[in-house]
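These notes are about the structure you will find just below.
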Amino acid sequence: MKKITLLIAIFLSFVIQGNAQLLTQDFNTALTWTVGHPTGTSTNAGWTRQTTGGNPTATPFGAGMARFNSFSINVENAYDLNSPAIAFAGGSYRVTFKMFRENSYIDPLLLDKISVYYNTTATSVGGTLLGTVNRPTIAEPIVTANGWYTYSFNIPGNPTGPGYISFLATTAYGS
C-alpha cells in the first residue's frame, strides 16, 4: 500500500510517501505548505513553523515542525494546512502522521482537533474527510499518556492526477 506520512501535534511535521516517495516535508527549514482560514474571524496566523516545543513541551522530530497554537486563536476558528499538489498515480494511498496529544484544559464538550482531508483543490472545504484526532488523550482515540502518537487514514478509491492533503485544525478554547 502506498502511504502518506505526516507528523502532527497541534505541532506537526510531515512526510508523504508511497511505493515511490511522492513528497517529503519535515519543516526542518520552512513551512512550505499553504495556510487557509475557512472558518472564523481570528486574525492569528493559524499554522506556524516551530523549532522548539513551547507549551506543551513537544520536541520536534528533526529541526522543525508545524504548530497550530489553539490557545491564541479565537474559539471555533479553523485553519487548513494544505500540501503542495501531489501527483497521485492510481492505486491505494494512506495518510500517516504523528500528533502530540496532552490533557491540559480538558472539557469533554470542547475539544481541539485535527481533521485530515483529501481534495483535488488546496483546501479542506469540499474534500473527503479521512479522519479526525482530538488533542486530549482522554478523547477519541483514547491514549494512556501525553506524548507523540501515530495515526493512519486511507484515501478512498484510487486517486489519479493532482491532489492535496489538508489538515484542518479547529480550536475549542482560544482567546
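Quick notes on this structure:
- Computed with a 1.4 Å probe over protein heavy atoms only, the accessible surface of the range 58-99 comes to 31 Å² per residue.
- Spacing of the modelled spin labels on THR121 and ASN103, each 7 Å from Cα toward Cβ, amounts to 4.2 nm.
- Phi-derived couplings, Karplus 6.51 cos²θ - 1.76 cosθ + 1.60 at θ = phi - 60°, listed residue by residue for the range 65-82: 7, 8, 9, 10, 8, 4, 6, 10, 10, 4, 3, 6, 8, 9, 10, 8, 10, 10 Hz, with x used for Gly and Pro.
- Cα shape, the range 106-166, gyration tensor, a/c 1.5 rule: prolate
- Sites THR52 and THR128, calculated FRET efficiency, Cβ-Cβ separation with R0 30 Å, nearest 0.05: 0.30
- Cβ-derived FRET efficiency at R0 30 Å, THR32 paired with ILE138, nearest 0.05: 0.35
- Rounded to the nearest 10 Å², the accessible area of GLU140 at probe 1.4 Å: 120 Å²
- Cα gyration tensor category, rounded, prolate or oblate, for the range 135-175 with a/c compared to 1.5: oblate
- Distance between the pseudo-spin-label points of THR150 and GLU76 (7 Å out from Cα toward the beta carbon): 3.8 nm.
The values are calculated or read from the model by the stated rules, or taken from the named source; none is laboratory data. Keep in mind the model is a prediction, meaning the values are calculated, not measured. Using ideal geometry, Cβ is built from the backbone for each residue, glycine included, and neighbour counts are taken over all protein chains shown. Just the protein is used for accessible areas: all its heavy atoms, side chains included, with ligands, DNA and RNA removed. Shrake-Rupley method; radii C 1.70, N 1.55, O 1.52, S 1.80 Å.
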